[in-house]
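The values are calculated or read from the model by the stated rules, or taken from the named source; none is laboratory data. Because the structure is predicted, anything quoted here is derived from the model rather than measured. Here the Cβ positions follow ideal geometry from the backbone for every residue, glycine too, while neighbour counts run over all protein chains shown.
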Amino acid sequence: MQRSWLTLSVVSLGLGGFLALVAAVARAPMVYKLVPPEYFYHAIIGHVDLAIVGFFLTFTLLLWSRTFKVELKTPFYLSLTGILLIAFLSLSGLGKAVSNNYLPTIDHPLFWLGAILFFLGFWVGGFSLWRHALRGLTSKNFEEHLVSLAVFLSLLMLLATFTSLPKAGSREELYLFYERLYWAPGHVHQFINGTMLLFAWYSLLKLSGVKVYLDRLRYLSSASLLFCSLYVLLPVVFEDPVSRSARTITDVGYALGLGLPIFFHLYVILKNMRQAQRGIYFIALVLSVVLYLLGVGIAYAGLLPSFVEYFLDPTTGYKGMSSTLSIPAHYHGVITSQTLAFMALGYSLLKELGYTKRLSLLPLSQVYMYGVGMVLFVLGLFFAGLRNAPRKTYGTAYTDDPTVLLSLGLMLLGTLLAVFGGILFVLYSLRALTLQRSSS
């Protein structure tokens, strides 16, 4: 089943990467008219749902299965069906695109069915492993501890979905309906991603010749479970789960429950990187950390003025980050740090499972290409956001600012590098997976 999970993850990433290229072209100078305006939003939704949600969670299930040595057959077939339905709706342009956060949605029965089946597969996988996770939660082995933490977070994500359902409201306002539905479970999902990013970093460090055992840090990261219980309760406590008060609590929960544990773990990882062997896994780790710090730095820079203003005068209300391209710059930095780390782990799994004897120079080139491309992409969005370029907007008709146009050009250059790097990863992995196993 590990081969099946890896193949599904790679295919989901490949489809999402193609739609990322379509979305980037649709908001780049001179070339945006190549993409119809109405299809731009389908492309964004398909990119997020396939390259981020689909890839991350299927690869996460693969790592759970590998760590606990348990085959997850039923979750695989549920996830496979869900991804196929989501991909069909995204590529076909059918249904109404709704650009809500966390799980952007195509309002169509087939998309709903796909999303239900996909997440059902993920949650069935979590329920299948909870006994293993209970034993591994206090383990000093980073693999067992972090995977166990992610399994319990997946169950909290399910609870957050149930508490959000009654508060979703009327479907007359589709954006607010899906925003309320996914806000709390979407936040728990980010904790799962953060936990598995730490897993990937420690794994890349181990593959670079340095193995770290967790001591008191495992108690700090376990505190994420307490903070995620807030997101289960948010829809119950607040009349509107996306109200200003609820958003303030979610941002604080991120900063304390996710940001702080990751920074403490990152300190340990950086301290041990000096002993690591230089190679593809080390390069991937470095570029992944750079992307993460870039994304987090943009977030803190955007949130700090709102926190200070709210602290000095609470009557102004907490506003959060401005709705500019700085927001996707932030989350693409954080998200693609995990994508790159998972790609490098994918190469390791190809060797471990016997699909290749040794890695050629192509994977190393791909890691550089994807990592550098995403750095340029994030910087391009960030610089455009500094000039108040709006997010989720088709074309460039909203501006004639040369700084914004140059920044979007930088974004497109980074996209091309990253997409080409993603294509290399997908083709290399699928070629290895479809050939016979190499002899040991």
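Below is a table of values for the structure above.
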{"item": "Any chance TYR292 is modelled with pLDDT of 90 or more, within 24 Å of the chain's Cα centre (by Cα) and part of a helix (DSSP H, G or I)", "result": "yes"}
{"item": "Qualifying position, being surrounded by fewer than 23 Cβ atoms within 10 Å (Cβ to Cβ) and within 21 Å of LEU258 (Cα to Cα), among PHE152, PHE162", "result": "PHE152"}
{"item": "Criterion: in contact (Cβ under 8 Å) with a residue 40 or more places away in the chain, surrounded by 21 or more Cβ atoms within 10 Å (Cβ to Cβ), in a helix (DSSP H, G or I) and in contact with a Gly (Cβ under 8 Å, 6 or more places away or on another chain) - qualifying residue of GLY16, GLY46", "result": "GLY46"}
{"item": "Condition met for ALA43 (farther than 22 Å from TRP123 by Cα and not hydroxyl-bearing (Ser, Thr, Tyr))", "result": "yes"}
{"item": "Check on ARG3, modelled with pLDDT of 85 or more, among the basic types (Lys, Arg) and out of contact with any strand residue (DSSP E or B) (no Cβ under 9 Å at 6 or more places or on another chain)", "result": "yes"}
{"item": "Filter pass, THR67 being over 21 Å from GLY186 (Cα atoms) and either touching an Asp or Glu at 6+ places or on another chain (Cβ under 8 Å) or assigned to a helix (DSSP H, G or I) (or both)", "result": "yes"}
{"item": "Hey, ILE262 surrounded by 16 or more Cβ atoms within 10 Å (Cβ to Cβ) and without any contact (Cβ under 8 Å) to a residue 60 or more places away in the chain or not", "result": "no"}
{"item": "Residue satisfying all of: in the stretch 279-289; closer than 11 Å to LEU340 by Cα and touching a residue at least 40 places away in the same chain (Cβ under 8 Å); surrounded by the fewest Cβ atoms within 10 Å (Cβ to Cβ) among these", "result": "ILE283"}
{"item": "Residues within the stretch 183-214 that are assigned to a helix (DSSP H, G or I), of a type in the set (Val, Ile, Thr) and under 15 Å from LEU146 (Cβ atoms), tallied", "result": "2"}
{"item": "Hits in the stretch 242-285 (condition: at pLDDT 85 or above, more than 22 Å from ILE298 (Cβ to Cβ) and part of a helix (DSSP H, G or I))", "result": "VAL268, LYS271, ASN272, MET273, ARG274, GLN275, ILE280, TYR281, PHE282, ILE283"}
{"item": "Search result, residues across the stretch 340-388 that are out of contact with any helix residue (DSSP H, G or I) (no Cβ under 7 Å at 6 or more places or on another chain) and crowded, with 24+ Cβ neighbours inside 10 Å", "result": "none"}
{"item": "Test: residue in the stretch 56-72 that is crowded, with 24+ Cβ neighbours inside 10 Å, under 17 Å from LEU19 (Cβ atoms) and aliphatic (A, V, I, L, M)", "result": "no"}
{"item": "Residue check, GLY302 surrounded by 18 or more Cβ atoms within 10 Å (Cβ to Cβ), modelled with pLDDT of 80 or more and in contact with a helix residue (DSSP H, G or I) (Cβ under 7 Å, 6 or more places away or on another chain)", "result": "no"}
{"item": "Single residue of LEU137, LEU204, LEU158 found to be closer than 17 Å to ILE269 by Cα and not basic (Lys, Arg)", "result": "LEU204"}
{"item": "Any pair with Cβ under 8 angstrom, 6 or more apart, that starts in the stretch 155-173 at a residue that is under 15 Å from PHE122 (Cα atoms) and ends at one that is of a type in the set (S, T, N, Q)", "result": "LEU156/SER229"}
{"item": "Qualifying positions in the stretch 70-116 - in a helix (DSSP H, G or I) and polar (S, T, N, Q)", "result": "THR74, SER79, THR81, SER90, SER92"}
{"item": "Residue check for GLU239: in contact with a helix residue (DSSP H, G or I) (Cβ under 6 Å, 6 or more places away or on another chain), modelled with pLDDT under 85 and either surrounded by fewer than 14 Cβ atoms within 10 Å (Cβ to Cβ) or of a type in the set (Asp, Glu) (or both)", "result": "no"}
{"item": "Some residue of the stretch 208-221 being within 24 Å of GLY297 (Cα to Cα), crowded, with 22+ Cβ neighbours inside 10 Å and at pLDDT 85 or above", "result": "no"}
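Let's see how each residue does on (1) touching a Phe, Trp or Tyr at 6+ places or on another chain (Cβ under 7 Å); (2) of a type in the set (Phe, Trp, Tyr):
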position: GLU172; (1), (2): no, no
position: ARG180; (1), (2): no, no
position: ALA184; (1), (2): yes, no
position: ASN193; (1), (2): yes, no
position: TYR202; (1), (2): yes, yes
position: ASP215; (1), (2): no, no
